[in-house]
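A single structure is presented below for examination.
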Amino acid sequence: GAVVSQHPSRVICKSGTSVKIECRSLDFQATTMFWYRQFPKQSLMLMATSNEGSKATYEQGVEKDKFLINHASLTLSTLTVTSAHPEDSSFYICSARPLRTYNEQFFGPGTRLTVL
Amino acid sequence: GEDVEQSLFLSVREGDSSVINCTYTDSSSTYLYWYKQEPGAGLQLLTYIFSNMDMKQDQRLTVLLNKKDKHLSLRIADTQTGDSAIYFCAERAGGYQKVTFGTGTKLQVIP
């Protein structure tokens, strides 16, 4: 149980285009999902916290108009990288917290974004 | 703000014990976690400990917490080549959702 999927696992796009990444909790409902970014050989940086049915809360320094987050259902959150640039190339990981739990997050396998 | 630090690299021989250390600064940390990340993959929760505990054991894994020194360690007994990965410690203060991750320790297991 407690499986989180991400799609796509890898994506290559041209500068200026937008890319959507999906995060799904497959066998549980999640009111809260988190989006992280991980640079090579570095730790995870929390980008935003996404609560179902409300606006995402962005961490300081993360541009909300650049990284659009939608959490329309209890099993799906999406991250759209708009007008992507090469510096947006990174490993994006989502996690989901099941309903009625407080201290567990289950992570997706990550999405490798490469912007040419 | 919160700060979580780990040594970057650890190399052990197969069959030996591995000890990965972590220090944190937030005295209000309530939950402390250990995650494992294999190459190109997401994070897998290995174990977690509440701040009112000193130790937690789960099969080959032993977590020790020294709250006074804000020091957390993960001991892996009988380390196997499949344990080679990056290990992240993380902390979260009670009542606040944000989890702060450490810098990660790359564990290399030599056959």
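The values are calculated or read from the model by the stated rules, or taken from the named source; none is laboratory data. Keep in mind the model is a prediction, meaning the values are calculated, not measured. Ideal geometry is used to build each Cβ from the backbone, glycine not excepted, and the neighbour counts take in all protein chains shown. Heavy atoms of the whole protein, side chains included, go into the accessibility calculation; ligands, DNA and RNA do not. Shrake-Rupley method; radii C 1.70, N 1.55, O 1.52, S 1.80 Å.
From zero up to wherever the largest Cα-Cα distance of the protein assembly as shown sits, split into 10 Å bins and tell me the percent of pairs in each.
Going out from 0 Å in 10 Å bins, the protein assembly as shown shows 8, 32, 35, 20, 5, 0 percent.
Out of every Cα pair in chain A, what percent are spaced more than 19 Å from each other? Display every interim value, and only then the final one.
Details: 2682 of 6670 pairs.
Considering chain A, 40 percent of its Cα-Cα pairs are separated by more than 19 Å.
With every protein chain left in place and a probe of 1.4 Å, what is the accessible surface of residue B:91, to the nearest 10 Å²?
Here the accessible area works out near 10 Å².
Would you work out the relative contact order for chain A, in percent, from Cα pairs under 8 angstrom that are 6 or more residues apart? Please report the intermediate quantities before stating the final value.
Working: 295 pairs, mean separation 42.5, N = 116.
Computed over chain A, the figure is 37 percent.
Can you count the Lys pairs in chain A whose Cα atoms are under 19 Å apart, with each pair 8 or more apart or on different chains?
Working: A:14/A:66; A:20/A:55; A:20/A:64; A:20/A:66; A:55/A:64; A:55/A:66.
Lysine pairs meeting the criterion: 6.
Next up: Count, for each residue of B:34-47, the Cβ atoms from other chains sitting within 10 Å of its Cβ, then give me the mean as a whole number.
4
With Cβ to Cβ distances under 10 Å as the rule, what net charge do the other residues near residue A:71 carry (K, R +1; D, E -1)?
Values: positive: A:55; negative: A:52.
Residues near residue A:71 contribute 0 overall.
Which net charge results when you count Lys and Arg as +1 and Asp and Glu as -1 among the other residues whose beta-carbon is under 14 Å from that of residue B:66? Can you show the working numbers first?
Details: positive: B:56, B:67, B:68, B:70, B:75; negative: B:54, B:69, B:91.
Cβ neighbours under 14 Å give a net charge of +2.
Give me a comma-separated list of calculated 3J(HN,Hα) values for the stretch B:44-54, in order, Karplus coefficients 6.51, -1.76, 1.60 applied at θ = phi - 60°, integers in Hz, x for any Gly or Pro.
10, 6, 8, 6, 9, 9, 7, 5, 8, 10, 9
Between Rg and the Kirkwood Rh of the stretch B:8-50, both from Cα atoms, what is the Rg to Rh ratio? Before the final figure, lay out each step's value.
On the way: Rg = 13.1 Å, Rh = 12.9 Å.
Ratio of gyration radius to Kirkwood radius for the stretch B:8-50: 1.01.
With every protein chain left in place and a probe of 1.4 Å, what is the accessible surface of residue A:54, to the nearest 10 Å²?
60 Å²
Let me test this: with uniform point scatterers at the alpha carbons of the stretch A:25-70, what is the Debye-based log₁₀ I(q)/I(0) at q = 0.15 1/Å?
-0.43
So if each residue of separation counts as 0.36 nm, and I subtract the Cα-Cα distance between residue A:73 and residue A:26, what length gain in nm does that give? Walk me through the numbers on the way to the answer.
Working: separation 47, 0.36 × 47 = 16.92 nm, distance 1.22 nm.
That pair, residue A:73 and residue A:26, stretches by 15.7 nm at full extension.
Further question on the same structure: Which stretch or stretches of the stretch A:70-103 have amide N atoms under 16 Å from the point lying 7 Å from residue B:50's Cα along the Cα→Cβ direction?
A:101-103
Quick one: Debye curve from the alpha-carbon atoms of the stretch B:16-107 only, equal weights, vacuum; give me log10 I(q)/I(0) at q = 0.20, 0.22 Å⁻¹ to two decimals.
-0.93, -1.11
If Lys and Arg each add +1 and Asp and Glu each add -1, what is the summed charge of the other residues whose beta carbon sits under 12 Å from the beta carbon of residue A:19? Numbers along the way, then the final one.
On the way: positive: A:10, A:14, A:20, A:66, A:112; negative: A:22, A:88.
Spelling it out: positives minus negatives among the neighbours equals +3.
With N residues in the stretch B:56-111, what two-decimal value do you get for its Cα radius of gyration over 2.2 N^0.38 Å? Walk me through the intermediate numbers first.
Values: Rg = 13.3 Å, N = 56, 2.2 N^0.38 = 10.2 Å.
That works out to 1.31 for the stretch B:56-111.
Let me ask something else. So, with +1 on the Cβ of K and R and -1 on the Cβ of D and E, and no other charges, what is the size of the charge dipole of chain B about its Cα centre, to the nearest 20 debye? Provide the component values of the computation, followed by the final result.
Values: 11 positive and 13 negative charges, 28 e Å.
Using Cβ point charges on Lys, Arg, Asp and Glu, chain B gives about 140 debye.
Let me check something: with ligands and nucleic acids excluded, how do B:26, A:88, B:58, A:65 order by accessible area (1.4 Å probe), largest to smallest? Intermediate values should be presented prior to the final figure.
Numbers: B:26 30, A:88 10, B:58 70, A:65 120 Å².
Per-residue accessible area, sorted high to low, gives A:65, B:58, B:26, A:88.
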